[in-house]
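To start, the structure under review is shown below, and the notes come after it.
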Amino acid sequence: MTTSVPATSFTDPAPAGRLERAAAALTANNFAVEILDDAAAARTRIKGLIPEGASVFTGASETLRLSGIEEDINNSGRYDALRSRGTTMDRATQRDEIWRLMSTPDVIVGSVAAVTETGSLVVASASGSQLPGYAGAAARVIWVVGAQKVVPDLPAALRRIEDHCLPLENDRAMKVYGRPSALNRVLILNAEPDAGRGTVLLLRQAIGF
């Protein structure tokens, strides 16, 4: 049975009990989970999780941008920042190389559109650039997730994507690219086969879409 979720709950931080239920379910599904106070704590924690010199790709994410994590990874000089490197490559003649870089880094860092209390991560994408790495191609994955993204189940997660995330991403895409976004690809991660590969930094703070 699908749990009805008021639209306002897509922006409100989940209370402690819901965060803990989601964390426990994710842990049971072989994800490593840490509950942190806020984005500043996640920003500090990520520096301890990624070794200096690692190749790192950042998936497009308002959470990473607003937290400063995107800036830390792509412009600090601490890592082999693949998103920064990709902007210098020709998308017409080096497309395959760009996709290989994005898909198989040492670490991919990003966020998700929803986390369910049953222990699934749900990602939506127009281009799909981050999805191969999330699904298994990257050696390690770190997701930074605001508390407002916790929902009861998969139907609620899909409703959150369509009713809440997509309109906001459409507005962002129009401002940045001059064209709307699209819900072209949805990835559902129900479990992590390789223990220790996927880490979820679940925040008590609401941040991002």
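The values are calculated or read from the model by the stated rules, or taken from the named source; none is laboratory data. The model shown is predicted, which means the values in this text are computed figures rather than measured ones. When we count neighbours, we look across all protein chains shown, and the Cβ atoms used for this are built from the backbone with ideal geometry, even at glycine. For the accessible areas, the whole protein counts, side chains as well, though only heavy atoms, and no ligand, DNA or RNA atoms are used. Shrake-Rupley method; radii C 1.70, N 1.55, O 1.52, S 1.80 Å.
Give the residue that is nearest to A173 (Cα to Cα), with candidates limited to residues of segment 49-71 that are open to solvent by 30 Å² or more (accessible area, probe 1.4 Å) and assigned to a helix (DSSP H, G or I). Going through the qualifying residues, I end up with E62. Counting the residues of segment 23-41 that are open to solvent by less than 70 Å² (accessible area, probe 1.4 Å), in a helix (DSSP H, G or I) and closer than 22 Å to A191 by Cα gives 4.
Among the residues of segment 52-78, what is the count of those that are of a type in the set (G, A, S) and either within 20 Å of G128 (Cα to Cα) or touching a His at 6+ places or on another chain (Cβ under 7 Å) (or both)?
Residues that pass the stated criteria total 4.
Residue pairs whose Cβ atoms lie under 8 Å apart, sitting 6 or more positions apart in sequence or on different chains, and linking a residue in segment 118-144 that is at positive phi and at pLDDT 95 or above to a partner that is in a loop (DSSP other than H, G, I, E, B) and of a type in the set (G, A, S), are G119/A191. Looking across segment 43-66 at every residue that is closer than 17 Å to S84 by Cβ and of a type in the set (A, V, I, L, M, F, W, C), the one that is farthest from the chain's Cα centre (by Cα) is identified as A54.
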